[in-house]
């Protein structure tokens, strides 16, 4: 099962998909846990306590 990285609900939502282009995910897509998110000038990083880290770059 895959969860939405923005709202934590099941599946993919068009509004969330569009928002995740500009902002980091807040929920782990594998287990639905809230992630620890850090935003920095060149991008962002998010860490799930179970599944590890994901990284992204700023979209310009």
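So, in segment 12-60, how many residues would count as being over 15 Å from residue 2 (Cα atoms) and touching a residue at least 24 places away in the same chain (Cβ under 8 Å)?
6
Take the conditions on the phi < 0 side of the Ramachandran plot and modelled with pLDDT of 95 or more and apply them to residue 35. Does it pass?
So residue 35 fits the description; yes.
Looking at residue 22 and the list (1) assigned to a strand (DSSP E or B); (2) at pLDDT below 90, which single condition is not satisfied?
All conditions are met except number (1).
Determine, yes or no, whether residue 42 is in contact with a strand residue (DSSP E or B) (Cβ under 7 Å, 6 or more places away or on another chain) and modelled with pLDDT under 95.
Spelling it out, residue 42 is indeed in contact with a strand residue (DSSP E or B) (Cβ under 7 Å, 6 or more places away or on another chain) and modelled with pLDDT under 95.
Testing residue 54 on (1) modelled with pLDDT of 90 or more; (2) in a strand (DSSP E or B), one condition comes back false. Which one is that?
(1)
The values are calculated or read from the model by the stated rules, or taken from the named source; none is laboratory data. Remember, predicted model here, so these are calculated numbers, not experimental data. Ideal geometry is used to build each Cβ from the backbone, glycine not excepted, and the neighbour counts take in all protein chains shown.
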